[in-house]
1. Which residue is farthest from DNA strand C (Cβ to nearest atom), if the candidates are limited to region B:23-46 and must be in a helix (DSSP H, G or I) and within 14 Å of another protein chain (Cβ to nearest Cβ)?
2. Would you check which residues across region A:7-22 are more than 25 Å from residue A:159 (Cα to Cα) and either away from DNA strand C (no atom under 12 Å from the Cβ) or open to solvent by less than 70 Å² (accessible area, probe 1.4 Å) (or both) and list them?
3. Among the candidates B:76, B:90, B:95, B:54, single out the residue that is within 16 Å of DNA strand C (Cβ to nearest atom) and out of contact with any His (no Cβ under 8 Å at 6 or more places or on another chain).
4. Against the conditions (1) modelled with pLDDT under 95; (2) at the interface with chain B (Cβ under 8 Å from one of its Cβ atoms), where does residue A:131 fall short? Just the number, please.
5. Could you please find all residues in region A:55-70 being within 15 Å of DNA strand D (Cβ to nearest atom) and open to solvent by 70 Å² or more (accessible area, probe 1.4 Å)?
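The values are calculated or read from the model by the stated rules, or taken from the named source; none is laboratory data. Only a predicted model underlies this, so the values are computations on that prediction, with no experimental measurement involved. Note that each Cβ is placed from the backbone with ideal geometry, even for glycine, and that neighbours are counted across all protein chains shown. These accessible areas exclude ligands, DNA and RNA; they are computed on the full protein's heavy atoms, side chains included. Shrake-Rupley method; radii C 1.70, N 1.55, O 1.52, S 1.80 Å.
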Protein chains: 2
Amino acid sequence: MGRAGVSVERLVAAAAEMADEVGFENVTLSALARGFGVKDASLYSHVRNLKELRTRLALFAGGEMIDRIAAAVAGRAGKDALAAFAGAYREYAHRHPGRYAATQIRIDQTLVADSPAMRRTAGITYSMLRAYGLDEPDLTDAVRLLRSTFHGYCALEATGGFAAPRDVDASWDKAVDALHTALTHWPREER
Amino acid sequence: MGRAGVSVERLVAAAAEMADEVGFENVTLSALARGFGVKDASLYSHVRNLKELRTRLALFAGGEMIDRIAAAVAGRAGKDALAAFAGAYREYAHRHPGRYAATQIRIDQTLVADSPAMRRTAGITYSMLRAYGLDEPDLTDAVRLLRSTFHGYCALEATGGFAAPRDVDASWDKAVDALHTALTHWPREER
DNA sequence: CCTCCTGCCTAGAGCCTCTAGGCTAGAGCC
DNA sequence: GGCTCTAGCCTAGAGGCTCTAGGCAGGAGG
């Protein structure tokens, strides 16, 4: 009986597939082992435990996602860039619900901080926002607003939170418009 | 050995406590049974299965949450009402992370639709927004924007998503301000 | 050619959900 | 007071999951 050829990379890739099919929560080392034709105990020589697999999946998905977003934003500015960012974000969340869910788990901050994907994400977001003429700390506040709205919308959509008959794509476009006006009329301290 | 006196209500209440302590995901029928001094199989005569317990908890938490929000919003209007809504929302999410997580699970839409809590939530939100002079479908779009931002912010906060040194309360206030300006300058179709 | 290490294995503990079937105390009826 | 019915608990057991400990074999490198 030859070796099955499991590796961390193949494991994470398989986990990504499985997450999109059955949900991030339901990705199981047992099921992955079955997929590789291997006993589940064997996977523990490639990955410390389930938690480690999940954070690897999270970093993988985060990188994949920011690649798509970067490609969409490239060469655009202002409202165009914002819309492209938003569109790519939501499209990834739709196409890869399991991987997207993975990006939202709590991860050791030291791990996240020196992950290249995170740095890239921050860079792209901040440079996109600089077009609105914001300075710190408004810049950080605006980034948090955008992330919150984007994530919240996708999360609520994913759990079936939008029951009203109104088209969800139209609401999304409106939300992006509204964020644009919020950014252009950003509330400054008056004094 | 007398009866332990388990009931659906006590079960849900205990689950709510446990969810806030160990996280919604980690609420387990076994652990609840241990808490009641009862074998886990016994709980299945009060609740069909884990899923049913979870949706019961979700409806319970949803009702509790909208009660707090309603109390906070009462007697206020416009930006005041928005800020009160937002504050009560986030405070509940902070104080009861497990229950809040419960409110975000996917639930059978027919169950949700005729839950009184849901109707109340919709009523309060829509009436709060009418102060901004919006009509359908903008009203629904605006509700979705608010829910998305509120939920997204709390979710990201909960998973440690805001690593920057900027104070998270200040960013929240700014976000609420920004939403207010977005609502007052709501993007209309120009034609 | 030999050694070592990698990649797999078996065995087993522990925790979880959920089903099937049975016993019993107390409530309601005659 | 006796009778029945049922709610609320029980034991037994199957099956899925994570994870540890220890073993074996085949291919790569000295």
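1. Step one: of region B:23-46, the residues in a helix (DSSP H, G or I) are B:24-26, B:29-36, B:40-45.
This time we only want the ones that are within 14 Å of another protein chain (Cβ to nearest Cβ), so: B:24-26.
Working: B:24: 12, B:25: 10, B:26: 8 Å.
Applying the filter and picking the extreme gives B:24.
2. Narrowing region A:7-22 to residues more than 25 Å from residue A:159 (Cα to Cα): A:7-11.
Those that are more than 25 Å from residue A:159 (Cα to Cα) and either away from DNA strand C (no atom under 12 Å from the Cβ) or open to solvent by less than 70 Å² (accessible area, probe 1.4 Å) (or both): A:7, A:8, A:11.
3. Values: B:76 fails: within 16 Å of DNA strand C (Cβ to nearest atom); B:90 fails: within 16 Å of DNA strand C (Cβ to nearest atom); B:95 fails: within 16 Å of DNA strand C (Cβ to nearest atom).
On inspection, the qualifying residue turns out to be B:54.
4. Result: residue A:131 passes all but (2).
5. The initial filter retains those residues of region A:55-70 that are within 15 Å of DNA strand D (Cβ to nearest atom), namely A:55-57.
Once the filter is applied, which keeps residues that are within 15 Å of DNA strand D (Cβ to nearest atom) and open to solvent by 70 Å² or more (accessible area, probe 1.4 Å), region A:55-70 yields only A:56.
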